[in-house]
Amino acid sequence: MDVWGNQFTIEKWQRLVTEFLEGGNSAPIININPTDPREFDAIFLGGGAAGRFGAAYCRALGGRVLIIDRWPFLGGSCPHQACVPHHLFSDCAAQLMLERTFSGKLWFQNLNDKIVSIKSIVELFRIGRVGPHAVMNYQSKEMLGLEFVLNAEAKIINAHSVQVGDLKFHAKNLVLALGARPAVSTLPGAQLKGIFNYQSLVETLDYEPGNTVVVVGGGKTAIEYGCFFNATGRRTIIVARHQVMPILKDAESRSYTLKMMVEQGMEFLENAELINIQGDELGKVQAVSIQTPEGVMKVDSDFVFMALGERANTELVSQTIYPDLDDKGFIKVNHRMQTSIPGIYAVGDVTGPPMEMFKARKEGVCAAKNIMGKVSEYKATDYPDFMHTHYEVSWLGLGEEEARQRYANVKIMKLPPENPNGLDVGLPAGDRMMLYLMMKPRMSGFQKLIIDGDTRKILGAFHIGCGAKDGFQYLNYLVKRGLTIDELADMDELFISPSYFIQLCRLRAGDINFKDL
Ligand SMILES: Cc1cc2nc3c(=O)[nH]c(=O)nc-3n(C[C@H](O)[C@H](O)[C@H](O)COP(=O)(O)OP(=O)(O)OC[C@H]3O[C@@H](n4cnc5c(N)ncnc54)[C@H](O)[C@@H]3O)c2cc1C
Ligand SMILES: NC(=O)c1ccc[n+]([C@@H]2O[C@H](COP(=O)([O-])OP(=O)(O)OC[C@H]3O[C@@H](n4cnc5c(N)ncnc54)[C@H](OP(=O)(O)O)[C@@H]3O)[C@@H](O)[C@H]2O)c1
């Protein structure tokens, strides 16, 4: 299907993408300018976050680029199977925690002992995701002027040539932006119906899960999806072979985060592994056995969610061009995003962790600059991070333990302050925490700022609550540039919002021998 020269509206893309996704139409969607005589500066294999942003930057620098993607839309896994459903589920988890806390009070319906449908939320997502797909196709074609072939599997012929069906394309450079996919369990029974990962959940769930969910893994995916399943009212057991949330480095922040999840009824089995998956006569999972430090535990469940990490999509390249891979199978790149093969770059999830949107997009841009002759280097370090539980957990810099190892005079400011009665104090009470503040103060969040008392520079910040996440992007930028508590105290806060520590810092600003707060 040649779409070059036809201006498609967002609505038309929406209809088309739905038709291709649902109808199984295998025709490629071709948007290539037949009158441009230039050779492609780069072919981006994969039009997800890394490929689309890289291609747009290449084009912005005057290059000619082609994106090839096997899906009928640009944008990749984030809007289709990963971040966007995760955000929808996490929004639901936050909302449901609020509703359960206030169940039967004020204007809240009585949700206690009620189970909310997972299937209907998944179905909502399946229908709704096409909107963002349509916007990205429209934006890429009409506004960014990108050339692409969609709904088409690419095959690499050699370092400069790619084949899509009967079509062959040649370019000065190739950019591998092929993404990653969920790791699959090798346990017998892992293929039973009812065993899901984040992809199969949104693509194939066709029944309402029962009362008990088993989640395997201790990373962000396990925690974020686990909190959602729990918030729907189901018993949720997280099985982690080591620790859960190792990414959350500050022990006190981690402990508050865990405590709040446990109060919602989540069960955590650390140093535990699934040893057996049992199915019924119809091939559907019905129970799992878990080896825990205390012994073997059998759990009846018709819904098991595996969050075992990611594997790079490297089959395409390992058959033809053989770039160097690391010991986990991710494509090795230098800081210019160059692989071991001249003229071939790799960007995004296919190069390994951290697997985050900013990293994928920035690697795409870095490759684009180098391709267009602007020497550029990028390595994802010192970035702000987040994870959803029923809350938003945001952090940057060092946790207290590491800060104390590296600095002699560490100061801490936090809310709630230390108090003999534990955490049952209604502060920080930032955005969307006010009802908790009045009803269950200990649920109104936790925040902590870690400072080098000698230079007065901020070393780390942790926030558990809502509303702080977006601002951490900017806070991190300032912290990396040496923000002090006095400079933070000099900012203009908007009313009570404690999320960025401005008031706390102002209470100690100017004090040359300041103490913890
Ligand atoms: C559950 C989950 C939640 C997440 N949530 C967040 C979040 O909240 N925030 C965040 O920053 N990050 C999040 N991430 C990470 C984020 O989704 C990824 O880092 C990002 O999408 C990677 O982009 P990419 O371009 O590298 O890969 P992708 O977006 O996967 O793009 C790869 C593209 O390559 C195409 N492709 C592959 N092989 C071929 C082939 N042979 N021919 C043609 N096309 C091909 C695919 O169709 C795909 O479009 C999440 C990840 C997961 C798993
Ligand atoms: N920004 C976001 O909100 C967001 C959300 C989701 C994912 N992501 C990104 O996507 C990437 C993948 O995240 P993830 O949580 O899916 O994976 P992950 O961080 O790699 O965690 C995988 C988990 O699975 C466990 N595991 C691996 N193989 C196992 C096996 N065979 N049996 C039992 N347990 C096993 C690991 O245990 P051990 O490590 O203890 O061995 C770990 O706990 C990460 O880079 C993450 O940052 C981002």
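The values are calculated or read from the model by the stated rules, or taken from the named source; none is laboratory data. Because the structure is a prediction, the values reported are computed rather than measured. FYI the Cβ positions are ideal-geometry reconstructions off the backbone, even for glycines, and counts take in every protein chain you see. Accessible surface is based on the protein model in full, side chains and every heavy atom, while ligands, DNA and RNA are left aside. Shrake-Rupley method; radii C 1.70, N 1.55, O 1.52, S 1.80 Å.
Residues that are away from ligand 2 (no atom under 14 Å from the Cβ) and either open to solvent by 10 Å² or more (accessible area, probe 1.4 Å) or aliphatic (A, V, I, L, M) (or both) within the stretch 200-229 comprise Glu203, Thr204, Leu205, Asp206, Tyr207, Glu208, Gly210, Asn211, Thr212, Val213, listed in sequence order. Selection over the stretch 51-64 of residues that are open to solvent by less than 10 Å² (accessible area, probe 1.4 Å) and under 24 Å from Gln199 (Cα atoms) gives a count of 1.
Kindly check whether there is at least one residue in the stretch 65-83 that is at positive phi and surrounded by 23 or more Cβ atoms within 10 Å (Cβ to Cβ). First the steps, then the outcome.
To start, the set of residues in the stretch 65-83 that are at positive phi comprises 75-76.
Within this subset, residues satisfying the condition of being surrounded by 23 or more Cβ atoms within 10 Å (Cβ to Cβ) are 75-76.
Looking through the stretch 65-83, at least one residue is at positive phi and surrounded by 23 or more Cβ atoms within 10 Å (Cβ to Cβ).
Apart from one condition, Ser340 fits all of (1) in a loop (DSSP other than H, G, I, E, B); (2) under 15 Å from the mean Cα position of the chain (by Cα); (3) closer than 20 Å to Ile156 by Cβ; the exception is (2). Against the list (1) more than 16 Å from ligand 2 (Cβ to nearest atom); (2) in contact with a Lys or Arg (Cβ under 8 Å, 6 or more places away or on another chain), the condition Asn137 fails is (2).
Of all residues in the stretch 297-318, those being without any contact (Cβ under 8 Å) to a residue 24 or more places away in the chain and either open to solvent by less than 40 Å² (accessible area, probe 1.4 Å) or not in a strand (DSSP E or B) (or both) number 2.
Listed by position, the strands (runs of 3 or more DSSP E) enclosed by the stretch 182-273 that each have at least 1 residues that are of a type in the set (Asp, Glu) and modelled with pLDDT of 95 or more are 267-269.
For Ala251, are the conditions met, namely being away from ligand 1 (no atom under 16 Å from the Cβ), over 22 Å from Pro85 (Cβ atoms) and open to solvent by less than 10 Å² (accessible area, probe 1.4 Å)?
Values: away from ligand 1 (no atom under 16 Å from the Cβ): yes; over 22 Å from Pro85 (Cβ atoms): yes; open to solvent by less than 10 Å² (accessible area, probe 1.4 Å): no.
In short, no.
Of the helices (runs of 4 or more DSSP H) lying entirely inside the stretch 66-141, not one is found with 2 or more residues being within 22 Å of Ile43 (Cβ to Cβ), touching a Phe, Trp or Tyr at 6+ places or on another chain (Cβ under 7 Å) and of a type in the set (Gly, Ala, Ser). Cβ-Cβ contacts under 6 Å between residues 6 or more apart (or on different chains), taken from a first residue in the stretch 277-296 that is among the hydroxyl-bearing types (Ser, Thr, Tyr) to a second residue that is open to solvent by 20 Å² or more (accessible area, probe 1.4 Å), are listed as Ser289/Ile275; Ser289/Asn276; Ser289/Val296; Ser289/Lys298; Thr292/Leu269.
Note on the stretch 360-419: residues that are closer than 27 Å to Ala312 by Cβ, within 19 Å of the chain's Cα centre (by Cα) and not in a strand (DSSP E or B) amount to 11. A Cβ distance below 8 Å, combined with a sequence gap of six or more or placement on separate chains, defines the contacts here; from the stretch 386-405, residues that are more than 14 Å from His87 (Cβ to Cβ) reach residues that are basic (Lys, Arg) and part of a strand (DSSP E or B) in the pairs Glu400/Lys448. Quick check on Cys83: is it near ligand 1 (Cβ under 9 Å from one of its atoms), over 30 Å from Asn211 (Cβ atoms), touching a helix residue (DSSP H, G or I) at 6+ places or on another chain (Cβ under 7 Å) and of a type outside the set (Phe, Trp, Tyr)? Taking the combined requirement at face value, the residue does not satisfy it.
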